[in-house]
Amino acid sequence: MTGTVALVGGGEFSAACAAIDTELLRRADAAEVLVLPTASAYEHPGRVVDAAVAHFAGLGVPARGLEVLRRPDALADVDAVAGARFVYLAGGSPMHLRSVLKDTPLWEALCAVPLAGGVLAAAGEAAAAVCDPMTDPRGGAFTLGLGLVSGLAVMARAERWSVERSSRTHELGGAVVLAELPTGAALLRGPGGWDALGDGIVVRVGRRIADLDALP
């Protein structure tokens, strides 16, 4: 892989992620950012795109949305991703994102972006969904994810997790590598390995706290 996969804890398209997005723009060398509001299909996806457009305009780069809201969209919009240098998956429902993208030509095209030197970023619940296993937001257990990053699970917006749900996830983790990503923090996997941006990131193997070397 010559590009970057970015797992962002949350706060996408806001000042909380300005430093992260500046670094991702540098890595992508992109003329524009392509935003998929798929996970927010039932939560005003147009507003998500509008926020992204305003945010990246403030960073000096245009952004546009790709309305992949249902599974048929993921079977038809592959050409829109071809050649993209920076694609951003917004947060929302990880279950919906998985159901729309799994085993589709569009998902294959998205996975090809970092392989070709570009940046694929996923924020909040989308960051959880692109990993395998995926943390289930309904109770903190683990379920099947999209598998862009295998062997890693993500607790997105970690500061919002209750003690009960966090403890359940830690208890069920076993040998799973688990990254707790708060809003405004991110893990970036590039050609040289993993980098952490922002404060409050905790990596665990089961209940044991580990360092970045434990990431797959």
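The values are calculated or read from the model by the stated rules, or taken from the named source; none is laboratory data. Everything numeric in this text was worked out from a predicted model, so none of it was measured. Neighbour counts run over all protein chains shown; Cβ positions are idealised from the backbone, glycine included.
Structure summary
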| read-out | value |
| --- | --- |
| Subset of region 144-171 (residues that are within 15 Å of Val203 (Cα to Cα), surrounded by 14 or more Cβ atoms within 10 Å (Cβ to Cβ) and at pLDDT below 90) | Ser166, Thr169, His170 |
| Residues that are surrounded by fewer than 17 Cβ atoms within 10 Å (Cβ to Cβ) and among the aliphatic types (A, V, I, L, M), drawn from region 75-94 | Leu75, Ala76, Val78, Ala82 |
| Region 175-187, residues that are more than 16 Å from Ala129 (Cα to Cα) and among the aliphatic types (A, V, I, L, M) | Ala175, Ala185 |
| Every residue from region 186-216 that is within 18 Å of the chain's Cα centre (by Cα), among the hydrophobic types (A, V, I, L, M, F, W, C) and not in a helix (DSSP H, G or I) | Ala186, Leu187, Leu188, Trp194, Ala196, Leu197, Ile201, Val202, Val203, Leu215 |
| Those residues of region 20-40 which are among the hydrophobic types (A, V, I, L, M, F, W, C) and within 16 Å of the chain's Cα centre (by Cα), in sequence order | Ile20, Leu24, Leu25, Ala28, Val33, Leu34, Val35, Leu36, Ala39 |
| Region 106-137 - residue that is assigned to a strand (DSSP E or B) and not β-branched (Val, Ile, Thr) and, of those, farthest from Ser93 (Cα to Cα) | Leu120 |
| Residue in region 84-100 that is among the β-branched types (Val, Ile, Thr), in a helix (DSSP H, G or I) and within 22 Å of Thr135 (Cα to Cα) present | yes |
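One line per residue, one yes/no per condition, for (1) among the hydrophobic types (A, V, I, L, M, F, W, C); (2) touching a Cys at 6+ places or on another chain (Cβ under 6 Å); (3) more than 19 Å from Val33 (Cα to Cα); (4) touching a residue at least 24 places away in the same chain (Cβ under 8 Å):
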site	(1), (2), (3), (4)
Pro114	no, no, no, yes
Ala123	yes, no, no, yes
Leu146	yes, no, yes, yes
Ala175	yes, no, yes, yes
Glu180	no, no, yes, yes
Arg204	no, no, yes, yes
Arg208	no, no, yes, no
Leu215	yes, no, yes, yes
